[in-house]
Amino acid sequence: MKMKALIKKHLLEIIIIGSILLIALLALLMINLAMPKGDYVVVIYDKVEVERYPLTAEISKNLSYEDNHYNYLIIKDGKAFILQASCPDKICVKQRPISKVGQTITCLPNKLVIKIVGKTSTVDMVS
């Protein structure tokens with residue numbers, strides 16, 4: 001009798017956890033689908049916008065601003081990503097390509113932020 005109750009209890013927990021995970025996954029999917037496609041790739045170095053490129057362009061650009069630190073930006077097929085970087089952790093290189101308004105790639109050691117904006121978007125330097 002105790003074994004049946006124990007199995008029922010765990011089954012209920014699994015169903016609850018599975019339901020929560022499914023709801024979270026659906027919410028993330030809906031948020032991602034609702035984000036509008038961006039128009040420009042904005043390069044921000046040390047909290048200052050230094051360059052802006054159309055997301056429709058095919059660009060390979062070495063971004064180097066001080067002390068021989070660099071990030072190699074690629075804009076291709078409507079997406080932007082960092083191919084190579086001089087930072088020690090390479091987190092910026094490991095991030096997925098970005099293409100939707102509000103998405104960013106950040107390289108803290110090199111003081112660099114790559115941000116996707118729309119036609120009427122301005123870059124918020126505080127966040």
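Just so you know, all these numbers are worked out from the coordinates, no wet-lab data involved. Since this is a predicted model, take the numbers as computed values, not measurements. Cβ sites come from the backbone with ideal geometry, for glycine too, and all protein chains shown count toward neighbours.
Quick notes
- Out of 82, 114, 75, 105, one residue alone is surrounded by 20 or more Cβ atoms within 10 Å (Cβ to Cβ), in contact (Cβ under 8 Å) with a residue 60 or more places away in the chain and in a strand (DSSP E or B). It is 114.
- Residue match in the stretch 26-49 (condition: in contact with a His (Cβ under 7 Å, 6 or more places away or on another chain), in a loop (DSSP other than H, G, I, E, B) and surrounded by 14 or more Cβ atoms within 10 Å (Cβ to Cβ)): no
- Counted residues, the stretch 81-105 - those being among the polar types (S, T, N, Q) and out of contact with any Lys or Arg (no Cβ under 9 Å at 6 or more places or on another chain): 2
The rows are residues; the columns are (1) touching a residue at least 40 places away in the same chain (Cβ under 8 Å); (2) of a type in the set (Lys, Arg); (3) closer than 17 Å to residue 93 by Cα.
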residue	(1), (2), (3)
4	no, yes, no
8	no, yes, no
11	no, no, no
33	no, no, no
41	yes, no, yes
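- Condition check for residue 20: out of contact with any Phe, Trp or Tyr (no Cβ under 8 Å at 6 or more places or on another chain), within 30 Å of residue 106 (Cβ to Cβ) and in contact (Cβ under 8 Å) with a residue 60 or more places away in the chain: no
- Residues in the stretch 85-102 that are farther than 16 Å from residue 58 by Cβ and in a loop (DSSP other than H, G, I, E, B): 9 in all.
- As a summary of the residue check, residue 95 satisfies the conditions (1) touching a residue at least 12 places away in the same chain (Cβ under 8 Å); (2) surrounded by fewer than 14 Cβ atoms within 10 Å (Cβ to Cβ) except for the one numbered (2).
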